[in-house]
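The values are calculated or read from the model by the stated rules, or taken from the named source; none is laboratory data. As the structure is a prediction and not an experimental result, all values here were calculated from the model. Heads up, the Cβs are rebuilt from the backbone with ideal geometry, glycines too, and the neighbour counts pull from every protein chain shown.
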Amino acid sequence: MTVSTDAPAAASVSTPATRLRSLGWIARRVGGGVFVLWAVATVIFFALRLIPGDPVDAVLGGPGSQASAEAVAQIRADYGLDQPLIVQYFLAMGKLAVADFGTSYALKVAVAPYVLTQLWSTLVLTLASLVVAWFGALALTLATSGRGRVARALGSGLELLAAAVPHFWLASLLIILLSNTLHWLPPISVPGPLGLVLPVLTLALPLTGFLGQVMRESLANAYEQPFVLSARARGESEWGVRLRHVLRHAALPGISLSGWAFGSLLSGAVVVETIFARPGLGRTLLSAVTIRDIPVVTAVALLSALTFIIVTIATDVVDRIVDPRVTEVAAR
Amino acid sequence: MTEILAGRLSQPAGRAPGIRGRGGWLRNTGVIIALAVLALILTAALAPQLITTADPDAVAPAEAFQSPSAAHFFGTDESGRDVYTRVVFGAGNSLLIGIAATAVGLGLALILGLLGGLGSRLGDFVSTRIVEVMFALPGLLLALVFIAIAGPGVVTSTVAVGLSTAPGYARIIRSHLRSVRSASYVEAATVLGHSRARIVWQHILPGALSPIFVLGTLGVGQAIVWASSLGFLGLGVAPPAAEWGAMLSSGRTYIDVAWWLTVFPGLAIVATAASFTVLGRALNARTRQEARG
Amino acid sequence: MTATPLLRVSNLSVHFDRTARPAVDNVSFEVAAGECLAIVGESGSGKSVTARSLLGLAPAGAHVSFSELSLAGESLPAPGARRWRSIRGASIGLVLQDALVSLDPLRPVGREIDDVLRLHTTLSQRERQARVLELLDAVGIPDPALRARQRSGELSGGLRQRALIAAGIAAGPALIIADEPTTALDVTVQARVLELLSSLRNNGTAMILITHDLAVVSRVADRVAVMSEGRIVETGETNALLRAPTALPTQQLLAAIPVDVPRGVPLTLPVDTEADLRAAAEADVGAAAEASPGPVAISEPAAGPVSAAATSNHATTAASADSAAPPALELRSVSRRYPTPHGAPIQALDAVSLSLTAGTTLGLVGQSGSGKTTIARIALGLETADSGEVLLAGREWGSLSARERRPLRPTLGAIYQDALSSFDPRLSVERILNDALSGRASDTRRSLTTTAELLDAVGLPQSLKNRRPLHLSGGQRQRVAIARALAPGPQTILCDEPVSSLDVSTQARVLNLLDELQRHLRLSYLFISHDLGVIRHMSDRVAVITEGRIVETGETEEIFTNPRHPYTQSLLSALPRVRG
C-alpha cells in the first residue's frame, strides 16, 4: 500500500506485473475476509462465556425449567460444556472451520443445513432488491438529469426519505395501501414471484432514493468536467454526451456503493422477512436471538458476514475493472 | 445510511458530489421546518403536558379502536388509550434512546478513530481490524448478535444501536484525522518549529474533530430509526410503555383494522429522523463552506 | 492576410449577470485561412469565454450576443442550434489544455479520437481505426496501436496533449481553437508541442491560440490580440506588437516577464490601481487589496542594522556576502531512494551537493519529477536522506532528530507553491502570523516582531488581518505566506515554486517583494522553480537538476549564456522567449 509516485505513463494496460499485483490484491482481500470471520467467531465465543447465565438454560428453554441434575449434566456433556474453556474454544473453531455449526438448542437439528436453506431465500430477496434499486436509481437519474432546482429538490427529498423511513414502517404502509386497501398483493410473502413484490419494494425503495441521489450528483459533477466540453466540441449530440460519457461516471458511485448497499439490505432483511413472514437468515436470526439459540446465532452471523465479504470483494473487483483510477486511489 | 451519507459528504473533493452553492430557498425552508419539528418534539419530550392533557396509560376498553377524530386526533388503540397522547409521551423515550445510542456510538468511534488516526502503526492496524470486524455484520445484524449475547432490554438495545453505528463513524474520524495530519498546513507548522503536541492540539484535532458535531446530528435520526426497529421487533422497550417502536410493534397485530396505530407513531419517527438529517446536512454544508469554500 | 477572412467575429459580447461587467465586451476580430491568431490575456480577461463562444459552447448561464459570427462567409448558427453539431469537430476543432480529464478517463484514447470520425465522416469502422492510428502517429505519439487502447490516465501529460490535438484535427477542420495547449507541460515537452502546432498551421490550418504566455505567442502566432477585462485592447502583427506595445495591459504583460530581466532589476510595475481593484473584487474581497506599495518602507525597528544593506544595490549585496561565513544551507552528496510496491526502488536523489552562500540566492531548476521537491523536503528536515550530509548555517541539520531540530527551525523559513493549502483553513491571517511569531528564535534580529509590521513588510493592508486565507486573492495569499515565513526571523528561506500558480503580473509583484526583502533583511534564498525565466531573474547562482542529479552549477549568467551540460543546453533552447 504505497502512493504510486511513478509517472502515469509508466503504467500500462495489462502487463504481467499489473496482473500479478491484482492477484496479490485479491489474495490480500480474501485473507482479510478469513481473518474477519475468525474474529467474529472468536468474539462471539468468548463474549458468550463472559456473560452471566448458563447456556444449558437456553437448551432447556429458559432459566425457569425444572430439569434434573442428571439431565443438565447430560446436556453439558452433549454440548461439550464440561470441558475447559480453551479446549471448548479450539473444538468450536475446529468445527466451524469445516462448517459444522453444531445442533440448534431450540430446534434440535443440525444448524448448518438448516441455515443454508435460509440463506438462499435471503439472497433472492436482497439481490433482487439490489437490482431493482440499481435500475430504479438509473432511471431516476436519467429522468431528473437536468440541473434544475426541481430535480435537485426531488433528489435530495428522496435521499432524505431513504435515510429517515424505517423499513418496518414502509412495509406496514405498503401492506395497508397495496394489500388491505387495494387488494393487489398478498400481505405475507407467499411462494413465487408475486410474494416477492412487497418485500423487494420495501427494501428497494429507500435504496433507490439514496443511490439515485448519489448518481444524480455524480452525473451533474461529470457534466462539468473538461472531457464533456471536449466531446461537445467534437460535435457530439446531447444524448451522445450523456450515454457515451457522463452516464458511466454517474454509475461509478452506484457500483462502488453496491457492497455497502448489500450490507444495508441484509440488515433490512431482518425486519422485512419478519413482517412478511418470509423464510430467511434475518428471520432465523431474530427468532434465535429471542430464545438465545447461540449455535444458530453464530451460524447466521458467520454466514451473513461471509456473504457480505464476498459481495464486497466482488464489487471492488468490478469497480477496479470499470474505473482504472480506483487502483491508484485505493493504494494510498 | 447516515455513515455513508456523512462519509460521502466528507470525501475529498475529487469524487465527492457535495453540496453546491449557498443553497436556495428550499434548503433554508427545509432547515426552518426541521428546527420547528425538533422544537415540537423537544417540547413533547421535556414537557408533554403542554401539548396534551390526557394520560398516556389511561385504559378505556369501551373506546378501543376508534379511528382518528376531533376527540382523538390519532385514534385509540386496542385498550382505548389515546394514540396522540401516547405519541407525545413516547417522544421522550425515543429521543433519549436515540441520543444515548449516538453518544455510545460516537464515544466508541472516537476511541477507535483517534487510535487509528493519531496512534502508531500498530494502533492503526488494531483499530482498522476492529472496525473491519464490526463492519462485517452490517447494521441490525450486529445489534441483534449483541442482544443475543447480552440479552434483550432497553439498555442493551440502546448500546446495540450505538455499537452498530460505531464502525462507520470510526472510519470517518480516522480518515479525517489522517487527511488533516498529512495536510500541508500541518507540515508548514512543523517547519515553523512548533512542537508535535502543539500541532496536534492546535491544528489536527480541531480540524479533524469538527465533523463530530455534524455526525452526531445526522446520527441521532438514524439511531432513532434503528432503535425503533429493535422496539418493533420486540427487543427494545417493553410494550406497555409509550415508545414509538414498541407502539408500532403492538399496532402491527391490528394492521387490518386500525391503520392509525401504524401510521402515526411511524410518522413521528420519520419526522424526527428527517429533521435531524436535514439539520445535520445543513451543518455539514456550512462547516465545509467555512473550511474550504 | 487574404481578402475574405475565414472567421469573422464582430461585436461579440458575453454577459453572465446583466448587472455586472460583461465577461466579453464587444470583441471583434478576424482570422484568415492558414493564419494563427493568438488571444493573450491573464486569467479572467475573457479569452477562454471568447473561444468557447466561437463554438456555441459558452458556459451555462452565459448570454451571448454578436452582430456577426461567420465561418468562410457563412454565418454560424445561434447558440443551442442543432446545426452546431455538424460544425464542431468538422469545421472548427477545439484543443483543450491538458488535464487528466480533458479526455474521458474511462474510455480508451483511440475511442475518443474515433468519435470525431464517426460523427463527421462516412468511413467504415475498420477505416476509422486505421485513421486513428495514422492521426496518433502524425501528432508524434510513439507506438500508436498501444496508446490507442490506453486510457488517458495511463498517458503522460505530453502524450495526452498530443492526443487532444489529434482529436481536434481528426476531421480536418479549417480552424483549430487551442486553449492554453502548452500550459501544463514541462518546457521541453512544451517546445515540441509548439512545433507540432506550428507544423499544422504551415499545412494550411488556421488557428486561434488562447494563452497567457507571450513567449509561446512569439513562437507560433502571426498576429496577436491582447485581452484585458473582456476587451481586446490591442491587435497587431506579432513581432511589431511585441516590439512596440502601445496598450498599457500589453506593456504590463511584457514587463512582468522575468526571462531576460537581469538580477536585481525590478520587473516594471506601472501602478495600475484599476486592475488591482478588479483583481480584488474577483477574489471576493471588498477593499483594495493587491494595490500594494511594495515593501518600500519597512517599519522603524528594521532601520538599524538593515538600513546599510537597504541602500546598497544587489550586486554589492551578493559580493559583500561574507565569504568567511559558512554556507546558509549545504547539501553534501545527498541520496534518497523511494521503494516502489513491486520492482526496483526509484532513485529520487543521487549524490546531490548544493551550497547556498549566505545572503545570496541559489536557484534550483528542473522539470517535474526531477527531484526538486525531494531536495526541498530534505532541506526542510521533513524527510531524511539515505546518505549524505545536510548543514544549516554550518551546523549539522540533516541527521538531527525531530526534537533536536526544533530549536533551529526558526532560522529556516519556507514558502510553498500552494499557499492556500499551507494555511489552516480555520485561522485568520492575524492568528496565522501570531502563531508563527510565537516560535521566534532566541537570537533573532529586532525587526518584524508584530503582525502589523509583518503585514507592512509584505505590503498588505492591516485591514486584511481578520480575513481567512480563503477570502484572499492568490497574490495576497502568497504575501501572507511570505510574512509567515519571515515571522520567526529566519536567515534562510526555501522558496518552493512560490510563484508558479500566479498570473504573470502578480508573479512579478511577488518576485519584486522577495527581491526587496532579501536586500533589506539579508536573507538567503534557496529558490526552486521549473521556470527558467524566474530562476534567471532571481538567482545569483543556479543549479540544474534532472533525474535526481545536479548536472550543472554555476553563476547565473554563466549558465544562461554558456551552458556546458547538454541537458542545460536543451532546456535553454526549448525556453520560449518573447523576442526569440
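Annotation: of all residues in the stretch A:239-248 being under 19 Å from residue A:140 (Cβ atoms), more than 7 Å from chain C (Cβ to nearest Cβ) and not aliphatic (A, V, I, L, M), the one that is surrounded by the most Cβ atoms within 10 Å (Cβ to Cβ) is A:242.
Among the conditions (1) in contact with an Asp or Glu (Cβ under 8 Å, 6 or more places away or on another chain); (2) within 27 Å of residue C:400 (Cα to Cα), the only one that residue B:236 does not satisfy is (2). Kindly establish whether residue C:110 is modelled with pLDDT under 85 and either in a helix (DSSP H, G or I) or away from chain A (no Cβ under 14 Å) (or both). No. Residues that are within 8 Å of another protein chain (Cβ to nearest Cβ) and among the hydrophobic types (A, V, I, L, M, F, W, C) do occur in the stretch B:192-203, at least one of them. Those residues that are more than 14 Å from every other protein chain (Cβ to nearest Cβ), within 18 Å of residue C:165 (Cβ to Cβ) and not charged (D, E, K, R), I need them from the stretch C:120-143; list them, please. If the condition is that a residue be more than 14 Å from every other protein chain (Cβ to nearest Cβ), within 18 Å of residue C:165 (Cβ to Cβ) and not charged (D, E, K, R), then C:133, C:136, C:138, C:139, C:140 are the ones that fit.
Of the residues C:387, C:473, the single one that is closer than 28 Å to residue C:530 by Cα, away from chain B (no Cβ under 11 Å), among the polar types (S, T, N, Q) and over 27 Å from the mean Cα position of the chain (by Cα) is C:387.
For the stretch B:248-257, check the following and say yes or no: at least one residue is surrounded by fewer than 23 Cβ atoms within 10 Å (Cβ to Cβ), of a type in the set (Lys, Arg) and part of a helix (DSSP H, G or I).
For the stretch B:248-257, residues surrounded by fewer than 23 Cβ atoms within 10 Å (Cβ to Cβ), of a type in the set (Lys, Arg) and part of a helix (DSSP H, G or I): present.
Please enumerate the residues belonging to the stretch C:88-104 that are outside any strand (DSSP E or B) and either without any contact (Cβ under 8 Å) to a residue 24 or more places away in the chain or more than 7 Å from chain A (Cβ to nearest Cβ) (or both). Within the stretch C:88-104, C:91, C:97, C:98, C:100 qualify. Looking at C:133, C:164, C:196, C:159, just one residue is crowded, with 22+ Cβ neighbours inside 10 Å, part of a helix (DSSP H, G or I), free of Cβ contacts under 8 Å to residues at least 60 places away in the same chain and not basic (Lys, Arg), and that residue is C:159. Please tell me if residue C:418 is at the interface with another protein chain (Cβ under 10 Å from one of its Cβ atoms) and closer than 19 Å to residue C:528 by Cα. For residue C:418, the condition - at the interface with another protein chain (Cβ under 10 Å from one of its Cβ atoms) and closer than 19 Å to residue C:528 by Cα - is met.
Restricting C:458, C:480, C:499 to residues that are out of contact with any strand residue (DSSP E or B) (no Cβ under 6 Å at 6 or more places or on another chain), of a type in the set (Val, Ile, Thr) and at pLDDT below 90 narrows the list to C:499.
Of all the listed residues (B:64, B:71, B:6), the sole one being touching a Leu at 6+ places or on another chain (Cβ under 6 Å), among the small types (Gly, Ala, Ser) and at pLDDT below 80 is B:6. Output the residue which, of all residues in the stretch B:113-145 that are outside any helix (DSSP H, G or I) and of a type in the set (A, V, I, L, M), is farthest from the other protein chains (Cβ to nearest Cβ). Among those that are outside any helix (DSSP H, G or I) and of a type in the set (A, V, I, L, M), it is B:137. Taking the stretch C:373-404 as the range and being modelled with pLDDT of 90 or more, outside any loop (DSSP other than H, G, I, E, B) and surrounded by 15 or more Cβ atoms within 10 Å (Cβ to Cβ) as the test, the residues that pass are C:374, C:375, C:376, C:377, C:378, C:379, C:388, C:389, C:390, C:391, C:392.
Given the criteria facing chain B (nearest Cβ under 10 Å), in contact (Cβ under 8 Å) with a residue 40 or more places away in the chain and not small (Gly, Ala, Ser), does residue A:203 qualify? Considered against the rule, which asks whether it is facing chain B (nearest Cβ under 10 Å), in contact (Cβ under 8 Å) with a residue 40 or more places away in the chain and not small (Gly, Ala, Ser), residue A:203 comes out as no.
Within the stretch B:236-252, the residues that satisfy the criterion of being free of Cβ contacts under 8 Å to residues at least 24 places away in the same chain and not hydrophobic (A, V, I, L, M, F, W, C) are B:239, B:249, B:252. Residues in the stretch C:24-77 that are aliphatic (A, V, I, L, M) and part of a helix (DSSP H, G or I) were compared, and the one that is nearest to residue C:92 (Cα to Cα) is C:51. If you check B:120, B:67, B:94, B:79 for being surrounded by fewer than 16 Cβ atoms within 10 Å (Cβ to Cβ), more than 26 Å from residue A:50 (Cα to Cα) and touching a residue at least 60 places away in the same chain (Cβ under 8 Å), only one passes: B:67. Selection over the stretch A:255-289 of residues that are facing chain B (nearest Cβ under 8 Å) and among the hydroxyl-bearing types (Ser, Thr, Tyr) gives a count of 3.
The residues of the stretch A:142-200 that are polar (S, T, N, Q) and either touching a strand residue (DSSP E or B) at 6+ places or on another chain (Cβ under 7 Å) or more than 10 Å from chain B (Cβ to nearest Cβ) (or both), listed by number, are A:144, A:145, A:189. Restricting attention to the stretch A:282-303, the residues that are assigned to a helix (DSSP H, G or I), among the aliphatic types (A, V, I, L, M) and touching a residue at least 24 places away in the same chain (Cβ under 8 Å) total 9. Being in a strand (DSSP E or B), closer than 19 Å to residue C:376 by Cα, of a type outside the set (Phe, Trp, Tyr) and free of Cβ contacts under 8 Å to residues at least 60 places away in the same chain is a property that holds for residue C:551. Would you call residue C:103 crowded, with 22+ Cβ neighbours inside 10 Å, touching a Gly at 6+ places or on another chain (Cβ under 7 Å) and not β-branched (Val, Ile, Thr)? No, not satisfied.
Can you tell me which residue is surrounded by the fewest Cβ atoms within 10 Å (Cβ to Cβ) among those in the stretch C:16-33 that are over 22 Å from residue C:178 (Cα atoms) and within 28 Å of the chain's Cα centre (by Cα)? Only one residue fits best here, namely C:21. Note on the stretch C:1-51: among residues that are free of Cβ contacts under 8 Å to residues at least 12 places away in the same chain and not β-branched (Val, Ile, Thr), the one that is farthest from residue A:228 (Cα to Cα) is C:3.
Does the stretch A:181-189 contain at least one residue that is more than 30 Å from residue C:53 (Cβ to Cβ) and crowded, with 22+ Cβ neighbours inside 10 Å? Yes. When the stretch C:522-554 is filtered for residues that are more than 17 Å from residue C:368 (Cβ to Cβ) and polar (S, T, N, Q), the ones remaining, listed by number, are C:524, C:539, C:553. The one condition from (1) at pLDDT below 80; (2) assigned to a helix (DSSP H, G or I) that residue A:67 does not meet is (2).
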